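Engineer: Quick one: structure below, then a few questions.
The values are calculated or read from the model by the stated rules, or taken from the named source; none is laboratory data. None of the values given here were measured: they were computed from a predicted structure. Using ideal geometry, Cβ is built from the backbone for each residue, glycine included, and neighbour counts are taken over all protein chains shown. Remember, those area values only see protein heavy atoms, side chains included, never the ligands or the DNA or RNA. Shrake-Rupley method; radii C 1.70, N 1.55, O 1.52, S 1.80 Å.
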Amino acid sequence: MQRLPGIAVSPGVAIGEALVLDHEGIRIPRRFLARGATEAELARLDRAIADATAEVEHNRERIAEQLGSDYGAIFSAHVQMLNDPRLRQELEELIRERHYSPEYSVSRVLRRYAKVFQALESDHLAERASDIFDIERRLLKHLLGERRGEIAHLDRQAIVLSRELTPSETANMNPEFVQAFATEIGGPGSHTAIVAEGLGIPAVVGLGPFVSEVSGGETVIIDGDAGVVIIQPDEETLARYRSIIEDQKSASVELAKLGDLPAVTTDGVTIQILGNIEFPSEIPLCLERGAVGIGLYRTEFLYLKGDTEPNEVEHYAAYKEVAEALGDKPVVMRTVDLGADKLSMLPQPEDERNPFLGLRSIRLALKYLDMFRTQLRAILRVSAEGNVRIMFPLISNLIELRRAKMVLADAMEDLQEEGIAFNRNIQVGMMVEVPSAVIMLDQFVQEVDFFSIGTNDLVQYTLAVDRSNKDVAALYTSADPAVLRLIKISLDVAKAHDKPISLCGQMSGAPIYTMLLLGLGLRAFSVTAAAIPEIKQVIRAVSIAHCEQVAQRALKLESARDVKTYLREELSRVAPDIVI
Ligand code: PEP
Ligand code: MG
């Protein structure tokens, strides 16, 4: 049994079979042959070699016809390698003597060859490694048929272990089959983490190197609450976790009952709970749990799920689905927030050394104006039919906001000329997630209809800590006194000018901060569906008067650690059953 500590980023516990995803796709788990199956399996291997060879020969002829025989010769090397008697002999030994499946034997032997080439000093020889991976892929395709799919096409339940998962890979996971995942790198505020929570997939990131030690097929426990991964757990640990899973099931049934109850404090103040979504499919759960609308729709996931840039029709279809699912409840559609860790099919800047400080978010939208206009047109068109608002992300100065509004005004004018309906009085808001925006908020207040504080970025820009880097994860915390002060300023300025303000960063979905935020004056929490029940439970257990005292005290503390310890204590008094 191996117990690995990491960073808990998406709650829940899962027990399942490890599926290792590495650079070359899904790693083949070590499987053993049934007694007496050896000869049939060797015959299957030979068929796969013959079929793969025929496929390469066919490619050679096709390319030779089109480009000349020199090019066709590249494939000869592949044919030779596939039919190398030493390779065949090594595979046979593993199958006969160790009883490994042909799939595992092929994967093991060829990856070992590839690693040898990769380690060579010569670039030319190192490149041969990709030829070997190609042969491996080809043989596996013939051994496994179409079963060897990518992560998006998993057809059985598994726990995914990988060095890294991008937000778009995560967005393409099917929660029905991916029970949980764990990665070597990644930090607490990464979008991979946020998507996992949105999809309800338990996840632990930032574990450091461990994937090379796992062959796949082992039993694994992912504890997304404690931030722990256990490989090949012993019986006692398995039994303990099975009972934790049962307890969680009954606790979530209890929490679900809160769905219909209002989010009102004990002294009668109604608090708005809104949902955060990446996909329209998340709306029903938000509503079931009592969200009064959607406070953050991260529309960029439309870009991250497909291979091509969505056109206006696709944008419109997605937004219409959202508006229809919500009826007359409001939805804040945030315009594309691509760049940094949310990469898409857009051309990547060549020299982006600090992606989070570079061409991301509204800056990228203002560079690719056609893309931006296409999206704005689609949002505007849906605004004729639903309760839709627009929000611009990562605004860092007034001119940027004005430029974004100008593009919006142009889009409106075009629609007007084309006779297409839209809501001319659509509310326009901005994210407050860069310290400069907080400092200048009294000026921004004149130019927008509402604000939403994005603590995920506000924390990273205030504290100069990369939200997706495990090595500085300990510094990345919303509890830092500097962050608390910036939130207080934002809430105070908005209140003084009677401007609606919500908080849609992960902080608003963490129960440890609920009393503090209420005490600082927050009245609209925008959170993932997963977080709604607990946040509502805390709201219903506290009075604003008490929360104000808590906030005052917290603001006087010197360090994030002190703030957390204090808030944990206060929370345990009002909601002792919430584990944080
Ligand atoms: C934030 O920064 O807090 C936020 C909500 O935006 P995102 O996490 O998508 O960057
Ligand atoms: Mg942000």
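Engineer: Among the residues of region 339-354, write down those that are more than 13 Å from ligand 2 (Cβ to nearest atom) and open to solvent by 30 Å² or more (accessible area, probe 1.4 Å). Give the derivation first.
Structural biologist: Step one: filter region 339-354 for residues more than 13 Å from ligand 2 (Cβ to nearest atom), giving 343-354.
If the condition is that a residue be more than 13 Å from ligand 2 (Cβ to nearest atom) and open to solvent by 30 Å² or more (accessible area, probe 1.4 Å), then Leu343, Met345, Pro347, Gln348, Pro349, Glu350, Asp351, Glu352, Arg353, Asn354 are the ones that fit.
Engineer: Counting only residues that are more than 16 Å from ligand 2 (Cβ to nearest atom) and of a type in the set (S, T, N, Q), which one in region 174-224 is most open to solvent (accessible area, probe 1.4 Å)?
Structural biologist: Ser212
Engineer: Also: So Glu309 clears everything in (1) modelled with pLDDT under 95; (2) within 16 Å of ligand 2 (Cβ to nearest atom); (3) of a type outside the set (A, V, I, L, M); (4) outside any helix (DSSP H, G or I) except one condition, right? Which one?
Structural biologist: The single condition Glu309 does not satisfy is (2).
Engineer: Say we look at region 251-271 and pick out the residues that are outside any loop (DSSP other than H, G, I, E, B) and open to solvent by 70 Å² or more (accessible area, probe 1.4 Å); which of these is modelled with the highest pLDDT?
Structural biologist: Thr270
Engineer: If you go through region 189-239, how many residues are more than 16 Å from ligand 1 (Cβ to nearest atom) and assigned to a loop (DSSP other than H, G, I, E, B)?
Structural biologist: 20
Engineer: Among the residues of region 385-399, what is the count of those that are over 15 Å from Ala317 (Cβ atoms) and surrounded by fewer than 21 Cβ atoms within 10 Å (Cβ to Cβ)?
Structural biologist: Of the residues in that region, 5 qualify.
Engineer: Continuing with the same structure: For region 394-443, which positions are within 16 Å of ligand 2 (Cβ to nearest atom), without any contact (Cβ under 8 Å) to a residue 60 or more places away in the chain and of a type in the set (Gly, Ala, Ser)?
Structural biologist: Listed by number, the residues that qualify are Ser396, Ser436, Ala437.
Engineer: Glu558 - would you say it is in contact with a Pro (Cβ under 8 Å, 6 or more places away or on another chain), more than 16 Å from ligand 1 (Cβ to nearest atom) and at pLDDT 95 or above? Can you show your working first?
Structural biologist: Numbers: in contact with a Pro (Cβ under 8 Å, 6 or more places away or on another chain): yes; more than 16 Å from ligand 1 (Cβ to nearest atom): yes; at pLDDT 95 or above: yes.
Yes, satisfied.
Engineer: Here is a follow-up. Please work out which one of (1) open to solvent by less than 50 Å² (accessible area, probe 1.4 Å); (2) over 14 Å from the mean Cα position of the chain (by Cα) is the condition Ala239 fails and give its number.
Structural biologist: (1)
Engineer: For region 513-580, which fully contained helices (runs of 4 or more DSSP H) count at least 2 residues that are more than 27 Å from the chain's Cα centre (by Cα) and buried (at least 22 other Cβ atoms within 10 Å of the Cβ)?
Structural biologist: On the way: elements: 514-520, 532-541, 544-555, 560-574.
Of the helices (runs of 4 or more DSSP H) lying wholly inside region 513-580, those with at least 2 residues that are more than 27 Å from the chain's Cα centre (by Cα) and buried (at least 22 other Cβ atoms within 10 Å of the Cβ) span 514-520, 544-555, 560-574.
Engineer: In addition: Checking Glu447 against (1) in contact (Cβ under 8 Å) with a residue 40 or more places away in the chain; (2) within 16 Å of ligand 2 (Cβ to nearest atom); (3) open to solvent by 20 Å² or more (accessible area, probe 1.4 Å); (4) in contact with a Leu (Cβ under 7 Å, 6 or more places away or on another chain), only one condition comes out false. Which one?
Structural biologist: Looking at each condition in turn, Glu447 falls short on (2).
Engineer: Taking the criterion of being over 22 Å from the mean Cα position of the chain (by Cα), surrounded by fewer than 16 Cβ atoms within 10 Å (Cβ to Cβ) and away from ligand 2 (no atom under 16 Å from the Cβ), would at least one residue in region 371-379 satisfy it?
Structural biologist: There is no residue in region 371-379 that is over 22 Å from the mean Cα position of the chain (by Cα), surrounded by fewer than 16 Cβ atoms within 10 Å (Cβ to Cβ) and away from ligand 2 (no atom under 16 Å from the Cβ).
Engineer: Pairs under 8 Å by beta carbon, first residue more than 14 Å from Ala193 (Cα to Cα) in region 505-516, partner outside any helix (DSSP H, G or I) and near ligand 1 (Cβ under 9 Å from one of its atoms), six or more apart or different chains?
Structural biologist: The qualifying pairs are Ser508/Ser526.
Engineer: Right, next: Search region 1-18 for residues being exposed (fewer than 15 other Cβ atoms within 10 Å of the Cβ), touching a helix residue (DSSP H, G or I) at 6+ places or on another chain (Cβ under 9 Å) and not in a loop (DSSP other than H, G, I, E, B), and hand back the single one that is modelled with the lowest pLDDT.
Structural biologist: Gln2
Engineer: Being surrounded by 14 or more Cβ atoms within 10 Å (Cβ to Cβ) and not in a loop (DSSP other than H, G, I, E, B) is the requirement here; does Met333 meet it?
Structural biologist: yes
Residue by residue, here is whether (1) open to solvent by less than 10 Å² (accessible area, probe 1.4 Å); (2) over 20 Å from the mean Cα position of the chain (by Cα); (3) at negative phi holds:
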residue: Asn276; (1), (2), (3): yes, no, yes
residue: Ser281; (1), (2), (3): no, no, yes
residue: Leu285; (1), (2), (3): no, no, yes
residue: Val292; (1), (2), (3): no, yes, yes
residue: Thr299; (1), (2), (3): yes, no, yes
residue: Tyr303; (1), (2), (3): yes, no, yes
residue: His315; (1), (2), (3): yes, yes, yes
residue: Tyr319; (1), (2), (3): yes, yes, yes
